[in-house]
Structures are given as structure tokens and as C-alpha cells.
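Visitor: Supplied in C-alpha cells, the structure appears directly below.
A short reminder: the numbers here are calculations on the coordinates, not readings from a lab. Source: prediction; values computed, not measured. Here Cβ is always computed from backbone atoms with ideal geometry, including for glycine, and neighbour counts include all displayed protein chains.
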Amino acid sequence: MASSRVEHMIEVATGPGAGEADGLTAADLLASIRSARDVENQAAAEQLILAARWADLHPPESIHSAATFPVPGCEHEEPIAGDGAPLVAEFCVAELGTVLGISTVAAKKLIGHALELRHRLPRLWAQVHAGAVPAWRARTVAETTIHTNPVLTREAAGFVDAQVAAVAGRIGPAQLDRLVAETITRYDLAVTDPTADPEDGYLSVDPRHVTVHDDDVHFAGTMRIEAEVDLADALDLDRAVAHGAETLKTLGSDESLDARRAKALGDLARTQTALDLHASGVTDASEDGLPPAREMVIHAHFDATLSGDTTVFGPTGRMENGQRLVLLEQIQAWCGDTRTQVTVKPVIDLNTPLTAQGYDIPDQIREQIILRDRTCVFPRCSRPARGCDIDHVVPWDEHAEAEGRPQPGPTTTSNLAALCRFHHRLKTHSPWRYAMVAPGVFEWRSPHGFRFRRDHTGTTELDPPDPPGIPRPRRR
């Protein structure tokens, strides 16, 4: 039934005479859109079932073996849902993520939400599979009940489940937060102040945070900051930013109010940092008596050409923070501040093989691998290479020299890759295998035979694994 709906939708969108001549009325078009939405919701609900079954195939017992001792970094059992949900083998999430085309973190969330719903929010789970609640709405509730602080017991999660299921999942973020707070108080999960007003029980859940979304850099060179602070702090900050924006206008700035407020916040941060250093006894002061602000490191890469004795940079470059485009004029503006410390590093030729004699990786080779790979080279992973381990693709053999054998895993550019700590452990302690087939190009094979190619442009899925007992035809 689902497939016929999808075929009808595709025929409407791409068939001959699509548009005015397709004969569809407005009602027909709305009905097709609704059918497509129903198919999408059904597929999302099915995906939750399959994710939970994948977890069932990888219980903690699947990684335990008799008469063994723990090896540092090896796979362990991990709770990815709340109290009462089963534990899973840590590494199983990676293969599911690569096959689905999502990151390991996203796959971990998917499995965690499925287990949370099935074991701790069973009413909501049933409503999802009855088509009464969309999977995305149920996953929002599961995400909240998994990560609530203090942790919800199974009984407390059941109370939340009953309340949310009663309204068929139609609950907003603020209502959900208040419901969780009421649950915490009802089940005595937090130590409350006996002098506090009972009506303020929701404060048991502390919503305060300041989050800088450094993995999401806008093409304009901006970054989003999200915060939840005390009321008094918010009002004080608003006054300080408003004063700074007005000062910039007085000094001649013709930028919009929003732009001036954003700039004032940055000025406020730099000034406060400088005052902190001044108070701590730093004596290297500028003309106004304040020391330079702490160094902010931005790794930006631009193509350059030599014109006589002058180096000419291209107008656009790439910024490592978030792997985004950056304009040369933006870098010039950022570096123009008198309290900005600028460091120019020498160029490293990415095409020149570098080799070290021992196992340890010298700084120059490490920097070359970081610049070449840009991110962790595991399929779908986007963790910046600068925060990754540098892995020997073919492992270094510490006994080779003593036994008079050639070193199978030398410390050389063609045998090194950037892997985040999780995927480094995965490669070392699981059946995942990979090889470098060209400089900066890697081919991975998962435990069940799925193959992926990874380079600095992203991940490509290669030919699927052979079905059991059916050999793949030879290519001529």
C-alpha cells in the first residue's frame, strides 16, 4: 500500500504534462501530499522498530568472552537510554549510522530513542506504531526523558509517558519541561529547599546554559550563540549590549541595530578578558593600559600566488572551524583589531611525502595530515581533524626491528590518517577495516561487508555486499 502511494506521488511530480496540464485539482494535490506524509511517518515508525531490533542483536553479552582481561580502549557496554532500558554493545551504532547515511552520534540517538520508547514510554511507543503520534514527536519526548537531570526512574518515566500519551503526544517543549519538573518533585528525585515556594518546583530542573554552536559557521563568517541565564543576568547583559550598540552609533557606525548589538557583545567579551589579564598581573600592556586579549585561534586556508615580491591571496578561502567558506576581507577585518594576535604559519606541501623513523608523529607530519584530511576520515564523521588522533592505517609493529623484519606500518604520510578517539578505538578493537587507496582517500569495510569511500568531499557508498551464497558476477 505504501509503495503505490509513493509511485503515485512520483508520477504526479515527474509525469508528462506535469503542471497545469496534469489535470490535478487543488484537492488532489493536497491529498497526494498528505499520503506522502503518511508514508514518511510510517517509514519513521518502522525505522524505530528496526533500530530497537538492531540493539537486541548487540547486547552486552555479545562483547564478553570468557577468560579475558580488559584491554584499554576496547568495546564496552553502554547505556544509551534511561533506567530500565537494556544496555548495548558500544560499537554497534557505527555500522547502523553508515548504512543509514548519518553520523555515529545520530545513530546512537536513534537507537537510544527507540529503546527509551519501547521500554520506558510504552504508551507513546504504541501510539507511534498505531499512527496516532508521529515518530519525530515521540523522539522529542524520549530525548528529554533520557537526559533529564536528575535521572528519571522507570516509574517516573512511566508517569511522563501516561501524561503525554493522554494528549497523543501533542505537547510543546515548555509544557514538557514543566511536566518533567513536576515528575521530579512528585517522585522525590531531587533535594528541594523546604523553604522554597512549592509553585517554583519547576526550578528543580536548571535550564541555564550558554552554548556556542562552533560546528555551524554561517557563510557570512558568523556563529550562533544560544543562552538561558538568570533573569537579572539577562537584563544586565541586555543593558550592556544596548549601551555598546549606542556607543558604536555615536562613534559613526551606520550598521543596523542588530549588527551593532552583535558587535557590542564581542567588544564586551574582549574588554572583560583584557581586564581579567590585567588584574592577574600581566604586564605586557597596550597604549590604553590594557593587555592584549587572550589569543583566539582561527585556522583559515587561502590559495596564494607570488607577484614579484608580493604574495597575493585569493578572495575566498576555507575555515577549519565548521569547514565553511570565508572571505579574505572578513579575515582582514578580524585581524585589524589592535588586541588581535596574528600568527602566520609556514606553508606545508600536502603532496610531499613525509616520514619519521619511530612510532611518534612529529608536529610537521601531524599538521600535514590535519590539513589533508580536514576531519575524521571514518564514514559520515565530521569531527575536525585538529582534535583527532593520528592513526597508523597499517598498525606499527613494535617488534619488527628487534626481529629483523621490515616495519609493516611505518610513520609516513601514506600510512597515517585522522581518526576521532571513538572511531580510532573502533578501528583498533572491532572488525572494521580501512585502507588508503590514494592520498587522502580511504575505503572502509564494515563488519557485515558494507563498503564506503571517504575523502575530503564526504562519504560515498560503494557496491553493496554480496548476498550470502550468491557470488558477484565478474566484471570484464
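Visitor: Between L265 and E329, what is the FRET efficiency for a Förster distance of 25 Å, r being their Cβ-Cβ separation, to the nearest 0.05?
Guide: E between L265 and E329, to the nearest 0.05, is 0.70.
Visitor: Taking 60 Å as R0, compute the FRET efficiency from the Cβ-Cβ separation of S253 and E401 and round it to 0.05.
Guide: 0.40
Visitor: Calculated FRET efficiency, T222 and E61, Cβ-Cβ r, R0 60 Å, to nearest 0.05?
Guide: That pair, T222 with E61, gives E of 0.75.
Visitor: Rounded to the nearest 20 debye, what is the charge dipole size of region 355-461 about its Cα centre when +1 sits on each Lys and Arg Cβ and -1 on each Asp and Glu Cβ?
Guide: Charge dipole of region 355-461: 620 debye, to the nearest 20.
Visitor: Pulled fully out, how much extra length does the chain show between L462 and A234, if you take 0.36 nm times their separation in residues and subtract their Cα-Cα distance?
Guide: My answer for the length gained is 76.9 nm.
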